[in-house]
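Quick note: the coordinates plus some simple rules give every number you see, no bench work behind them. It should be emphasised that the depicted structure is a prediction, and the values quoted were computed from it without experimental measurement. FYI the Cβ positions are ideal-geometry reconstructions off the backbone, even for glycines, and counts take in every protein chain you see.
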Amino acid sequence: MIQAEMIDVMIVEDENQLAQLYAELIDNHRWLRLVGMASTLREAKMLIEEKRPQLLLLDNYLPDGQGISLLENDVLKKTNCSVIFITAASDMNTCSQAIRSGAFDYILKPVSWNRLQQSLERFIQFSQTQRAWKVVDQQNVDSLYQLQAKDFTPRAGNKGIEENTLNLVEAIFMQDAGRCYSVDEVVSETKLSKTTARRYLEHCVQKGDLRVEMLYGKIGHPRRMYRRA
């Protein structure tokens with residue numbers, strides 16, 4: 001059995017709140033290591049050359065261009081870095097280009113955290129499998145392609161979700177069904193930690209009880225808001 005190795009991950013996302021959520025997800029995984037965060041294409045290219053990550057979580061709409069241009073850039077090819085594309089770009093041209101350019105996965109915003117977690121798990125398995133096989137037969141090749149293209153199926157069960165805490169979070173949205181709440185407002189109401197509040201909010205989104213709305217202010221990054229579905 002091949003001993004698992006840490007996988008260096010870099011985040012390219014100009015929405016700070018989302019970038020921090022991705023960072024928390026990576027930091028809490030035993031086989032993933034965050035080596036850099038960039039909010040522009042220019043910064044991303046510099047960090048890729050410096051840090052040489054094995055996996056990139058890449059947004060498309062960046063302040064100085066489109067993230068998809070990185071997929072064909074020499075700086076990415078030289079590092080042999082794979083890409084999980086996470087974007088609001090739902091047009092078929094962008095999706096097709098990402099697939100043709102070899103993106104490991106394509107995830108649409110607003111992000112399903114179960115979907116992203118499963119994608120990361122598949123990449124870890126994909127990476128470990130590549131290390132294990134020096135020579136491949138057709139069965140090996142088919143297995144690699146299945147890891148990259150495997151259909152997403154939501155995981156069963158509510159692992160890590162405690163019923164009383166869930167009821168506490170859900171009760172906030174019962175008070176005023178039309179109101180949007182930020183993570184900070186939920187923290188203030190429930191006295192939970194921000195990490196715990198986010199986890200329960202995203203669980204409610206996954207269940208279909210809440211929906212995500214992006215609040216765009218005049219200054220700074222958009223805020224991720226939650227409203228009863």
So how much slack lies between Asn80 and Arg211, counting 0.36 nm per residue of separation and subtracting their Cα-Cα distance, in nm? 43.5 nm
What order, most packed first, do the peptides 51-60, 175-184 have when packing is the mean number of other Cβ atoms within 10 Å of each residue? 51-60, 175-184
What net charge do the residues around Tyr226 carry, taking every other residue with its C-beta under 14 Å from that of Tyr226, with Lys and Arg at +1 and Asp and Glu at -1? +2
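Quick one: if the Förster radius is 35 Å, what FRET efficiency do Arg42 and Leu108 give, using the C-beta to C-beta distance and rounding to 0.05?
In this case the efficiency is close to 0.85.
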Under 22 Å between C-alpha atoms is the cut-off here; go through the stretch 7-133 and count lysine pairs that meet it, provided they're at least eight residues apart or on different chains. 4
For the residue pair Glu185 and Arg100, what label-to-label distance in nm results when each label sits 7 Å from Cα along the Cα-to-beta-carbon direction? 4.4 nm
Inter-label distance for Glu5 and Glu170, nm, one decimal - labels placed 7 Å from Cα along Cα-to-Cβ: 4.5 nm
Just to be sure I understand the model, the point goes 7 Å from the Cα along the line to the Cβ. What's the resulting Glu162 to Tyr61 distance in nm? 3.8 nm
Residues with amide H under 5 Å from that of Leu32, placed H, sequence gap 5 or more: Ile7
If every Lys and Arg gets +1 and every Asp and Glu gets -1 at its Cβ, then about the Cα centre the stretch 1-113 yields a dipole, in debye to the nearest 20, of 300 debye
